[in-house]
Amino acid sequence: MIKAICTQGKGVDMDRARRLASQFEVKIITTLPDDKEAMYFLLDKSGIALVSGKQVLKGDFTRLLNRVTNGHLPHEILLKATKPPADIYEKTVRAVDCTAGLGEDSFILAALGYHVEMFEHNEITATLLQDAIIRGRNNPQIREIVGRMNLKKGDSKELLKELDYKPELIYLDPMFPEKKKSAESKKKLQILHRIETPCSDENELVQAAIEANPKKIVIKRPPDGPYLAGLTPSYSVTRKAVRYDCLVYS
């Protein structure tokens, strides 16, 4: 699906470019072709972006800074849904995000104090997410938060079986179409939906999550959507654009 690795500007890590080219079995170029359909990785000194025509997708946790600073974090809906332990910052409390995507929900969970293991099966998305993690760990504003985030590439159902601990929380976000989108989110979703498809094995994913024996499973749903796998939640937290169904096991 990736057509080539395009390197631009000074200070580009060419060793990284060569590793990406080998991973995706494509060539390295220095000028983006005028192609509205093909997708390219654009690599410059600031990191990696996915480019297709005028659409650009890049992982960037700094865009979430306002949600976790200046007193905004206590108002996060994920805080109300997950209800983390009061002493979460004093010990290691583990969460697993089985549908990591670009890691934005994982970042909020990490800001809440969770040590988040992120699972991402799509190779392109995982590359963008790993790049965002690398940049985040070098950014003093978010270094502490991103330090609690770790990415594993692969199928969540299989990776859940390999866990050597019982997580406090498992988070599931099967993609669903949003009814109302900003212009920015429309552009983001257009290119994201080309590489990521909605979960086709929701029942199996939920069952794998249950078998991992977490204390709680939190599932992101559309406000009027059906319960995932037909499971009635212990409680739900709903806002205008989203609902979180929460299954509590202890």
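Observations on the structure shown:
- The alpha carbon centroids of region 85-119 and region 1-71 are separated by 26 Å.
- Residue-normalised accessible area of the chain, expressed per residue, 1.4 Å probe, Å²: 52 Å²
- Packing, as the average of other Cβ atoms within 10 Å across residues, places the peptides 154-163, 229-238 in the order 154-163, 229-238, highest first.
- Lys/Arg +1, Asp/Glu -1 at C-beta; the chain dipole; positive extreme among Ala241, Ile170, Phe119: Ala241
- Expressed as a whole percent, the accessible area of region 37-151 that falls on carbon and sulfur atoms is 48 (1.4 Å probe).
- Taking every Cα-Cα distance in region 1-127 and sorting them into 5 Å bins starting at zero, the pair-distance distribution P(r) comes out as 2, 10, 16, 17, 15, 12, 10, 9, 7, 2, 0 percent.
- Volume per residue of the convex hull around the Cα atoms, evaluated for region 62-154, comes out as 90 Å³.
- Sum of side-chain charges, Lys216 neighbourhood, beta-carbon under 10 Å (Lys, Arg +1; Asp, Glu -1): +1
- Here the chain is described by how far its Cα atoms reach on the three principal axes: 54, 36, 36 Å, from widest to narrowest.
- A simple packing score, the average count of other Cβ atoms within 10 Å per residue, orders the peptides 98-108, 81-91, 66-76 as 98-108, 81-91, 66-76, with the highest score first.
- Contact order relative to length of region 119-174, as percent, for alpha carbon pairs under 8 angstrom and 6 or more apart: 45 percent
- Region 200-250 - convex hull of the alpha-carbon atoms, volume per residue in Å³: 69 Å³
- The 1.4 Å probe gives accessible areas that order Thr30, Thr62, largest first, as Thr30, Thr62.
- Val116 long-range amide H proximity, modeled H, under 5 Å: Ala95, Met149, Asn150
- Computed magnitude of the charge dipole of the chain (debye, nearest 20; Cβ of K, R +1, Cβ of D, E -1): 820 debye
- In the chain, Cα pairs under 8 Å separated by at least six residues give a relative contact order of 15 percent.
- Rounded to the nearest 5, the antiparallel percentage of DSSP beta bridges internal to the chain is 45%.
- Dipole check for region 60-126: with +1 at the C-beta of Lys and Arg, -1 at the C-beta of Asp and Glu, and the Cα centre as origin, the magnitude is about 300 Debye.
The values are calculated or read from the model by the stated rules, or taken from the named source; none is laboratory data. Just so it is clear, the structure is predicted and the values come from calculations on it, not from any experiment. Positions of Cβ are backbone-derived with ideal geometry, glycine not excepted, and every protein chain shown enters the neighbour counts. The accessibility values were calculated without ligands, DNA or RNA, using every heavy atom of the protein model including side chains. Shrake-Rupley method; radii C 1.70, N 1.55, O 1.52, S 1.80 Å.
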